[in-house]
Amino acid sequence: MAEGLHAAPLGKQSNTPEVYDAGLLYPVPRAIGRKLLKLEDKQAEELPFLGEDVWNCYEASWLDKNGWPNRVILEVRISCYTPNLVESKSLKLYLNSLNFHRFESSEVAIATICADLHKTVGGAEPPSVTILSVEPALLTPKAWICVDDCFGLDTELAFDCDDSVLSTQMPTSDGPNVVTERLVSHLLRTLCPVTGQPDWGSVLLEYRGPAIDRASLCRYVCSLRRETGFHENCVELLFLAILRRCEPEALRVTGRFLRRGGIDINPVRCTPNHESLELGCLGPAAEQIRVAGQ
């Protein structure tokens, strides 16, 4: 099998691309693996099976036409009759190259991905690429409020860590609007300090205090896209920024990161009085809320 992988990125140190590059996709002829099964000379209609390769891509993200991130799960289906398969790390790097690329719409993004994959794997039948929801069923709207659609399009989005964008809602004539609520964002992307590759996750925020401006929270989470740090450090950075800028009475921040090597790391940081968050109309938070991809 190594004969078709000599130039593949698998097993090699790779930089994280920030510019869209379809050339990152690396084709591997199916005939190499099928040679071991004595099927390398068989045409599609001669193969003793039907089938397809189904890929679930949990780290797909691009910018919309206004420059705001979309994070999605992609289901990719490739016929087993294509001349080539796509090497997995090359697909990961290719998807990473879309992270700062603007598309006019999600439909245009999907069409681009489909065309690039079709060119890589070959064959008459193009791959199927479908968007799946990143919102897990456990995070019901009654218990958690997703802030990912709360951003203001009149504000230019910066991708350099800046907690000054965090703010609370303007106080009313009766004083600060004190609330107890749970907010979640699925747009967290940071960089591993060892490999430089992206780490993806969701931020779960539980607090009591002045109402946090949801658009500002979304902007802050997005500003971490180039931030380098271990999962634990990134959650501590989030916790301290929210504590300093928004001054909640009680706070708990949980990072739910996608797994690496079969392990997912989910740091939790909270104020000493965090147990008081269990009181009131929200009820207790689940200790292990699984997000998509975990």
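Any read-out appearing in this document is the output of simple, stated calculations on the displayed coordinates, not a laboratory observation. The model shown is predicted, which means the values in this text are computed figures rather than measured ones. For neighbour counting, all protein chains shown are included, and Cβ atoms are generated from backbone atoms with ideal geometry for every residue, glycine included.
Apply 1/(1 + (r/R0)^6) to the Cβ-Cβ distance of Asp64 and Arg182, taking R0 = 25 Å, and write down the FRET efficiency to the nearest 0.05. Please report the intermediate quantities before stating the final value.
Details: r = 26 Å, r/R0 = 1.03.
Given R0 = 25 Å and the Cβ-Cβ separation, E is 0.45.
Between Asp21 and Ala115, full extension at 0.36 nm per residue minus the direct alpha carbon distance yields a gain of 32.6 nm. Of the peptides 208-218, 116-126, 34-44, the ranking by mean beta-carbon count within 10 Å, highest at the top, reads 208-218, 116-126, 34-44.
For Arg34 and Ile263, compute 0.36 nm times the residue count separating them, minus their Cα-Cα distance, and round to one decimal in nm.
Working: separation 229, 0.36 × 229 = 82.44 nm, distance 3.21 nm.
The Arg34-Ile263 span can extend by a further 79.2 nm.
With the cut-off at under 19 Å, measuring from each backbone N in segment 198-219 to a point 7 Å along the Cα-to-Cβ line of Met170 picks out 210-217.
Taking amide hydrogens as placed 1.01 Å from N in the peptide plane, the amide H of Thr168 sits under 5 Å from those of Asp213, each at least 5 positions away in sequence or on another chain.
Computed extension length for Glu75-Gln43: 8.8 nm, one decimal, from 0.36 nm per residue of separation with the Cα-Cα distance subtracted.
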